[in-house]
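One structure is given below, encoded as C-alpha cells.
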Amino acid sequence: MIGYRSGGRQTFLAACSLRIAAAVDCYGAFVVTAPPAGSPLKAEPLISRAADLSCPLLGLFGADDRFPSPDEVDVLSAELDKLGKEHEFHVFPDAGHGFFSVDRPAYRRAAPAPGQGRGRPAVGDRQTSSDMYRRVPPGRKPTRS
C-alpha cells in the first residue's frame, strides 16, 4: 500500500489497523503530532498505534517539509526502533511536502521516485523497496486492478 500526502497518513493508519504486506508513506503528516492550532483539519496523532504496525514501512520525506518535519520523522523512527518494527526512512534534501507531485511547484526532480535508482532502498531481507511492496505472503493471491 502506498500513500502520498494525507494518503501517507492513511497508509500508516491502515498498516496499523489491517494485515498488509508492506506500506509506503510519502510525506504523511500528523502521525506524530496534531495539526497546528487553528487548522481546519481535525486529526489525532497516530503514533500511539505504532505497536500495531503489521508490516514493513518505507517512509519518503522532504527535509524542507513542515508537516511532517524532519524532527517528527525522527520521533516516529525512534518509536518504531523501540518497538522493533521494520522500517526504513529517507529524508531528501531540498525537498518539501509533495515533492513527487509533478504538477505542483514543490516537485523536485532530484528526489527519486520509489522504484527508481537510489529510491529503491533495502528493507530487511527484501532486495528493494519495489520488492517490498510487490511481495505477496504465502497463501494469498495478488489483487489485480
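The values are calculated or read from the model by the stated rules, or taken from the named source; none is laboratory data. Remember, it's a predicted structure, so these values are computed and weren't measured experimentally. Here the Cβ positions follow ideal geometry from the backbone for every residue, glycine too, while neighbour counts run over all protein chains shown.
I need a count of the residues in segment 71-91 that are over 16 Å from ALA23 (Cβ atoms) and modelled with pLDDT of 95 or more. Outline the logic, then answer.
Of the residues in segment 71-91, the ones over 16 Å from ALA23 (Cβ atoms) are 71-72, 74-75, 78, 81-82, 84, 91.
After this cut, where a residue has to be modelled with pLDDT of 95 or more as well, the list is 71-72, 74-75, 78, 81-82, 84.
The qualifying residues number 8.
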Item to complete: Consider GLY59 carefully, then state whether it is within 13 Å of GLU86 (Cβ to Cβ) and not hydrophobic (A, V, I, L, M, F, W, C).
Response: yes
Discussion item. Condition first: at positive phi and either of a type in the set (D, E, K, R) or at pLDDT 95 or above (or both). Now tell me which residues in segment 23-37 satisfy that.
Written reply: PHE30
Worksheet item: For ALA34, which of the numbered conditions (1) in contact with an Asp or Glu (Cβ under 8 Å, 6 or more places away or on another chain); (2) within 16 Å of GLU86 (Cβ to Cβ) fails to hold?
Response: (2)
Practice prompt. Could you please give the count of residues in segment 36-61 that are in contact (Cβ under 8 Å) with a residue 12 or more places away in the chain and not acidic (Asp, Glu)?
Written response: 16
